[in-house]
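Encoded as structure tokens, the structure appears first; notes follow it.
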Amino acid sequence: MVDSRQPQHLFANVLARVHGVCGVLASEGGWPAGIDLSRVVVEPPRDATHGDMATNAAMVLAREARAKPRDLAEAIAAKLRDDDLIASVDVAGPGFINLTLKPSAWSDALRTVLREGATYGRSPMGAAEKVNVEYVSANPTGPMHVGHCRGAVFGDALCSLLDFAGYDVTREYYINDAGAQVDVLARSAYLRYREALGETIEIPEGLYPGDYLVPVGQALAAEYGDKLLTMSEGAWLPLVRPRAIAMMMDMIKTDLAALHIKHDVFFSERSLIETGNNKVTETIDFLRAKGDVYEGRLPPPKGGAPVEDYEDREQTLFRATAYGDDVDRPLMKSDGSYTYFASDIANHKNKFDRGFANLIDVFGADHGGYIKRMQAAVKAVTAGRATLDVKVVQLVRLLRAGEPVKMSKRSGDFVTLREVVDEVGSDAARFMMLFRKNDAVLDFDLAKVIEQSKDNAVFYVQYGHARGHSIFKNARELVPDLPDDTEARAAFLGDAAVERLTDPAELSLLRLLALYPRMIEAAAVAHEPHRIAFYLYDLASEFHALWTRGRDLPYLRFIINNDAEITKARLALVQGVVSVLASGLAVLGVHAPTEMR
């Protein structure tokens, strides 16, 4: 049996015990050598009445063990019943195994939280593997809108989650500064330059109308005076374009900083084609040498449906269908320039050449059709040695008290990221952007996210953390030597008689605290930071419910004046709750206040 005193988190501890039992059965039963236990999991049961944990061991190992799942489950259960951590084992259905743990498991789990403090939940799972996460990557043509806000928050929280799970994460922003849209930006900025020199202008259809370009025009006027007016477009465009891009990127970085988002790398698309060695040409030549690029014609779309990049002509094509895509993809436009896709292939090859085999891209809602071709490209340029996971962030419907919000004075036609953050604050913006799965449309109500109510998830979670600190403050009359410092307080409470925490509501909180490390690992594997927001809301809800029960049932209050021992045990539970709330909020990039104002 596994030593129950080993410093493992509870779910990992029980999983190790299940693996140990399977190993013994494999030896006794002559199972094939090297049987794969990685598919065996231990998780909370779907129905809490079935026990504390459940394992699929018999279901996934039956074939290799040459046994019926139910028979194998009974054999595993028989050995687990001898385990000193397990109170009872039940076999259900075709071979599911439900486990009920002894009460000491939960008190030991709380002691682990107190002992590990801010490191509780951190995982070695990632083994310092390098991961590149590309997110935001908004075109540098203006301020970011509320949809960019969601993608920015999602990507940043995912990076923090992966870091917490033991990966070596690089946060990357890909600057789309080589396409036609930056020439449109430059022409728009040139109009503002003429305006800065005193000319009355009209912005025609197709250019950017927002007043965010006024400072760019003023900067150009200050630098060049009226010199640009005498130049042809071919002369002034190369001067205006980089200045406009640089000022747009400064604005984007400032807006991201308001959300506490910083990237490690800002990678320029233009650098792929303007360096001494053209990386796009180099990548296409690399693929051509492998037989993955050819000259040919694409068949017309089935059913006459329009396809964005279809042209009925002989052209340079990437053999995407050889790597799982639905159709081969053009690499050159009719004017001889590269497609966006060609640059994107070179960008991802560049990442692989920089040492990243684990790639994650965060796409906006309008890029869902781009996923298969990019995954095909990554397979091709890395010979299958790199993986690309693409997470699509769906649209945000911006509301105010239930009514749609559409317009912005600053941008001209959309609400900017900065306007949202300035109105509701970074905490509300970040948490509520994560309080829904990334691939589901999000309703973001500017009025509701600042309400102080249970219906406002970010308030409810932060209030849970503040309530815990209020309890510590009130407890000092009975426990005057309770430290203010978090680490010292956790150490002080480490010897509390937490075995006395036996009320169902207390045990429910203990179970949730024990679940945190496993939830972190599962969220990291799935690349789903929203799971943390959901978990924190559940934890805060259970904590608030216990506080409310204490108001109605005095014997359940956290502070019992004539029983210092139970008070200390409950303070230990409160410390566990606030520690995990603070930890999860930190991963999401949200503050954990000690008081609410």
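Using the Cβ-Cβ distance between LYS437 and THR100 with R0 set to 41 Å, the FRET efficiency works out to roughly 0.85. Along segment 389-401 the Karplus relation, 6.51 cos²θ - 1.76 cosθ + 1.60 evaluated at θ = phi - 60°, assigns HN-Hα couplings of 9, 10, 9, 8, 9, 6, 5, 10, 9, 8, 10, 9, 6 Hz to successive residues, with x for each Gly and Pro.
How would you order 567-576, 581-590 from highest to lowest mean count of nearby Cβ atoms within 10 Å?
Values: 567-576: 24.2, 581-590: 22.6.
Packing order, densest peptide first, comes out as 567-576, 581-590.
Kirkwood radius and radius of gyration were both taken over the C-alpha atoms of the chain, and their ratio Rg/Rh is 1.05.
Amide H contacts under 5 Å for ALA54: GLU43, LEU99, restricted to partners 5 or more places along the chain or on a different chain, H placed in the peptide plane at 1.01 Å from N. Seen against the Cα atoms of the chain and their longest principal axis, helix 530-552 is set at about 40 degrees.
Below 8 Å, C-alpha to C-alpha, sequence gap of six or more: please give me the relative contact order for segment 10-101 in percent. If you can, show how the numbers build up before the last one.
Numbers: 137 pairs, mean separation 24.9, N = 92.
It rounds to 27 percent for segment 10-101.
Peptides 95-108, 377-390 ranked from most to least packed give 95-108, 377-390, packing being the mean of other C-beta atoms within 10 angstrom over each peptide's residues. Pick out, in residue order, every one of the GluC sites (Glu not before Pro) in segment 421-497 that is DSSP loop and has at most 10 other C-beta atoms within 10 Å; say none if there are none. Passing sites in segment 421-497 are GLU477.
Modelled spin-label separation between ASP485 and HIS544, with each label point placed 7 Å from Cα along the Cα-to-Cβ direction: 3.3 nm. Neighbours of ASP495 by Cβ distance under 14 Å: Lys/Arg scored +1, Asp/Glu scored -1, total +1. Mind pulling the angle between the C-alpha long axis of helix 371-382 and the longest principal axis of the chain? Nearest 10 degrees, somewhere in 0 to 90. Between the helix axis and the principal axis of the chain, the angle is about 90 degrees.
Would you mind classifying segment 431-572 by shape? Square roots of the alpha carbon gyration tensor eigenvalues, ordered a ≥ b ≥ c; an a/c under 1.5 is rounded, otherwise it is prolate if a/b is larger than b/c and oblate if not. Taking the square roots of the gyration eigenvalues as a ≥ b ≥ c, segment 431-572 is prolate. Which angle from 0 to 90°, rounded to the nearest 10, does the C-alpha axis of helix 340-353 make with the longest principal axis of the chain? Once rounded, one gets 50 degrees.
Dividing the mean sequence gap of close Cα pairs (under 8 Å, 6+ apart) by how many residues segment 180-258 holds gives a relative contact order of 37 percent. Rounded, prolate or oblate for segment 519-565? Axes are the square roots of the Cα gyration tensor eigenvalues, ordered a ≥ b ≥ c, and the cut-off for rounded is a/c under 1.5. In terms of gyration-tensor shape, prolate. What does the C-alpha gyration tensor say about the overall shape of segment 99-222? Classify as rounded when a/c is under 1.5, otherwise prolate if a/b is larger than b/c, or oblate. It is prolate, given that a/c is not under 1.5 and a/b is the larger ratio. Scan segment 499-597 for chymotrypsin sites (Phe, Trp or Tyr not before Pro) in coil per DSSP, keeping those whose Cβ has at most 16 other Cβ atoms within 10 Å, and list them by number. In loop regions of segment 499-597 (DSSP not H, G, I, E or B), there are no sparsely surrounded chymotrypsin sites (Phe, Trp or Tyr not before Pro).
Within a 10 angstrom radius of the beta carbon, how do LYS302, LYS473 rank from fewest other beta carbons to most?
Ranked by crowding around the Cβ, least crowded first: LYS302, LYS473.
Extension gain, GLU28 to ASP90: 0.36 nm times the residue separation minus the Cα-Cα distance gives 20.1 nm. Treating r as the C-beta distance of ILE35 and ALA180 and R0 as 60 Å, the FRET efficiency rounds to 0.60. The slack in the chain from SER453 to ARG400, taken as 0.36 nm per residue of separation less the alpha-carbon distance, amounts to 17.4 nm.
Gain on full extension, evaluated as 0.36 nm per residue between ARG597 and LYS333 minus their Cα-Cα distance, stands at 89.3 nm. Taking amide H as placed 1.01 Å from N in the peptide plane, the amide H of VAL392 sits under 5 Å from that of PHE363, each at least 5 places away or on another chain. Please tell me which of these pairs span more than 28 angstrom C-alpha to C-alpha: LYS227/LYS253; LYS102/LYS568; LYS68/LYS437; LYS253/LYS279; LYS262/LYS391? From LYS227/LYS253; LYS102/LYS568; LYS68/LYS437; LYS253/LYS279; LYS262/LYS391, over 28 Å: LYS227/LYS253; LYS68/LYS437. Averaging the sequence gap over all C-alpha pairs within less than 8 Å and six or more residues apart, then dividing by the number of residues, gives the chain a relative contact order of 15 percent. Annotation: amide H-H contacts under 5 Å for LYS130 (H modelled 1.01 Å from N, sequence separation of 5 or more, or interchain): ASP168.
FYI, it's all coordinate maths here, none of it is from the lab. Values in this document were obtained by computation on a predicted structure and should not be read as measured data. Cβ: placed from backbone, ideal geometry, glycine included. Neighbour counts: every protein chain shown.
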